[in-house]
Amino acid sequence: MQKMVILGATGSIGASTLSVIERNPADYEVHALVANRSVDKMLALCITHEPYVAHMVDADAAKTLAEKLPASLRTRVSSGEDELLDLVAASEVDTVMAAIVGAAGLPSTLAAVKAGKRVLLANKESLVMSGRLFIDQMQTSGAQVLPVDSEHNAIFQCLPFEVQQQIGVCQLADAGISHILLTGSGGPFLNAELASLQHMTPDQACKHPNWSMGRKISVDSASMMNKGLEYIEARWLFNASKEQLKVVVHPQSVIHSMVQYKDGSVLAQMGNPDMRTPIAHCMAYPQRISAGVEPLDFFKVGQLSFLEPDFNRFPCLALAIDACEQGQEATTVLNAANEISVDAFLAGNIRFTDIAHINEFCLTKVAKQNLNTIEDILALDYQTRRVAAEHVKRVQQ
């Protein structure tokens with residue numbers, strides 16, 4: 001019986017995780033659910049799953065939840081950053097699903113790693129912002145980190161078992177691996193006229209052709225910034241060089257990623273686009289459990305196609321690849337700038353094409369600095385957000 005903490009419980013990954021738990025009640029118990037301020041969603045989850053702890057990041061939301069919870073439930077409501085860090089590190093916790101979106105998920109994810117937990121990593125920003133610090137802490141604590149993102153989970157499944165045991169420090173070439181092929185659908189604007197992109201609305205950007213995701217990650221998919229962040233995450237997870245990483249546009253989202261070997265073999269992980277598959281894989285690894293996902297029907301798949309990424313169409317992807325080469329400081333800046341610019345786009349304050357311009361501006365204007373601690377990382381993140389927010393105001397004028 002694994003006792004789990006689910007960070008980001010009211011989001012799409014949280015919902016999929018709870019769905020897998022419901023199908024395997026003898027193997028998993030919900031110890032704690034964590035959300036920001038979605039009181040009604042958290043209340044419904046508490047009634048259904050009855051966790052020992054319901055943690056709301058927002059203090060007012062925590063107070064409201066405590067007032068609404070039925071007295072018959074065993075659930076205790078908590079709030080505050082220190083309580084959250086203590087919660088993920090608690091001795092009774094076995095596994096932490098790290099699914100808080102964006103930079104907000106970094107402190108709690110790192111706390112789980114530091115405590116040596118089994119961490120199911122769905123928060124790619126943790127590695128984008130703190131790659132070296134994250135991997136070093138994982139090595140020190142002995143934490144087991146398993147990638148939940150469908151692409152990284154696919155790569156993981158295609159690696160030899162001994163390489164799977166060396167996340168962050170593996171030597172791909174020594175294992176006979178020549179390339180990691182990171183696939184991406186290209187999102188809803190793959191075939192749109194380039195001139196039309198500046199007129200695209202938030203609702204259009206959020207209509208992903210294959211996946212059901214939150215609005216922020218949907219916009220990132222439309223700009224392929226999501227693939228850029230995954231590129232950076234793959235660099236750290238698999239200790240990969242630029243020469244070993246390739247992005248492949250695959251519109252059907254059937255092949256979730258591939259690993260190419262020196263002998264010419266290519267191993268691919270395939271399946272329907274449902275996050276319950278990689279979540280179930282991580283939860284039960286190295287075993288397999290029911291995820292509630294229909295198996296792939298090859299007679300209905302149809303044609304599979306593959307394209308090289310067009311950097312004129314997807315400048316955010318190019319920015320991410322370049323930032324990865326520059327180092328952790330640049331990727332931290334890029335992530336912070338992108339969160340601000342996407343928020344501004346979703347609020348209707350800037351055009352879709354302004355996202356890349358604001359991100360590039362921050363990469364050139366924010367003063368880089370050495371990042372040796374999480375405090376250094378968060379300081380640079382804060383500085384970048386201020387610069388990005390000011391530039392958003394100028395773009396609006």
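The values are calculated or read from the model by the stated rules, or taken from the named source; none is laboratory data. These numbers were taken from a predicted model, which means no experiment stands behind them. For neighbour counting, all protein chains shown are included, and Cβ atoms are generated from backbone atoms with ideal geometry for every residue, glycine included. Quick note on the areas: whole protein, heavy atoms, side chains included, nothing else; ligands and nucleic acids left out. Shrake-Rupley method; radii C 1.70, N 1.55, O 1.52, S 1.80 Å.
If you take the Cα Rg of segment 243-320 and divide it by 2.2 N^0.38 Å, with N the number of residues, what do you get? Mind showing how you got there, number by number?
On the way: Rg = 15.3 Å, N = 78, 2.2 N^0.38 = 11.5 Å.
For segment 243-320, the normalised Cα radius of gyration is 1.33.
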For an R0 of 41 angstrom, estimate the FRET efficiency from the Cβ-Cβ distance between Arg215 and Thr140 and round to the nearest 0.05. 0.65
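Could you give the alpha-carbon Rg of segment 316-397 over 2.2 N^0.38 Å, rounded to two decimals? Kindly include the intermediate steps, with their values, before the conclusion.
Values: Rg = 12.1 Å, N = 82, 2.2 N^0.38 = 11.7 Å.
Rounded to two decimals, the normalised Rg is 1.03.
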Whole-number Å³ per residue for the convex hull built on Cα positions in segment 132-195: 139
Cα gyration tensor shape for segment 51-205, rounded if a/c is under 1.5, else prolate or oblate: oblate
List the pair-distance distribution P(r) of segment 17-58, using every Cα-Cα distance, as the percent of pairs falling in each 5 Å bin from 0 up to the bin containing the longest distance, rounded to whole percents. 5, 23, 32, 24, 10, 4, 1
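Please state, to two decimals, what the Cα-based radius of gyration of segment 62-134 comes to when divided by 2.2 N^0.38 Å (N = residues). Mind dumping the intermediate values first?
Working: Rg = 14.0 Å, N = 73, 2.2 N^0.38 = 11.2 Å.
The value comes to 1.24.
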Cross-link pairs beyond the 32 Å C-alpha cut-off, checked among Lys246/Lys365; Lys63/Lys368; Lys3/Lys242; Lys216/Lys262: Lys63/Lys368; Lys3/Lys242; Lys216/Lys262
How much space per residue, in cubic angstrom, does the convex hull of the C-alpha atoms of segment 130-283 take up? 124
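What's the Kirkwood radius of segment 326-374 in Å, using all Cα pairs? Walk me through the numbers on the way to the answer.
Numbers: mean 1/r = 0.0879 Å⁻¹.
One decimal place: 11.4 Å for the Kirkwood radius.
Cα gyration tensor of segment 1-113, axes a ≥ b ≥ c as square roots of the eigenvalues: rounded (a/c below 1.5), prolate (a/b > b/c) or oblate?
Here segment 1-113 falls in the rounded category.
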With a ≥ b ≥ c taken as the square roots of the eigenvalues of the C-alpha gyration tensor of segment 306-348, please select rounded if a/c is under 1.5 and otherwise prolate if a/b is larger than b/c or oblate if it is not? oblate
How high is the relative contact order of segment 102-246, in percent, counting Cα pairs under 8 Å that sit 6 or more residues apart? 25
Å³ per residue of the Cα convex hull, for the chain? 140
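If you roll a 1.4 Å probe over segment 145-222 with all protein chains in place, what percent of the accessible area is carbon or sulfur? It would help to have the intermediate numbers written out before the result.
Values: 1490 of 3010 Å².
The C+S portion of the solvent-accessible surface of segment 145-222 is 49 percent.
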Alpha carbon centre of segment 153-184 versus segment 44-106: separation in Å? 34
Vicinal HN-Hα couplings computed from phi for segment 14-24 (Karplus, 6.51 cos²θ - 1.76 cosθ + 1.60; Hz; Gly/Pro x): x, 4, 5, 5, 5, 5, 5, 4, 4, 7, 9
Heavy-atom accessible area of Thr364, protein chains in place, probe 1.4 angstrom, given in Å² to nearest 10, is 100
How many nm separate the modelled label positions at Ser72 and Ala192, each set 7 Å beyond the Cα in the direction of the Cβ? 4.9
Counting only DSSP beta bridges with both residues in the chain, what percent are antiparallel, rounded to the nearest 5? 25
Please work out the average accessible area per residue across the chain, using the 1.4 Å probe convention, and give it in Å². 42
